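Working notes for the structure below.
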Amino acid sequence: MYFSSKKNIIDILMLSLNISVLISDLLNVSYTQLTQPLALGVLFMWIEFFMQGRIFLETAWMIRMINSSIQELGYFVFVFM
């Protein structure tokens with residue numbers, strides 16, 4: 001049940017990316033190899049931050065506005081490519 005929800009998949013990806021980056025850093029892997037996993041981990045953390053912002057009444061409208069802007073931007077990116 002936990003693994004079937006889209007929100008929980010983002011949680012699992014965020015956690016696994018951050019743990020893999022932490023282990024790679026402890027093993028002294030070069031930072032040029034960690035750039036993409038770091039970027040994806042930060043992206044998933046921001047997504048989770050915005051999803052948690054929907055809980056509060058003062059920020060819920062702003063989070064809905066950001067989500068709709070990102071969805072509309074997706075159409076532009078599709079046409080642009």
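What follows draws every value from the coordinates through simple rules; no lab data is involved. This one's a predicted model, so the numbers in the text were calculated from it and none came from an experiment. Cβ atoms come from the backbone with ideal geometry, glycine included; neighbour counts cover every protein chain shown.
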Mean Cβ neighbour count within 10 Å, used as a protection proxy, ranking 54-62, 33-41, 12-20 highest first: 12-20, 33-41, 54-62
Quotient of Cα Rg and 2.2 N^0.38 Å for the chain, N being how many residues it contains: 1.35
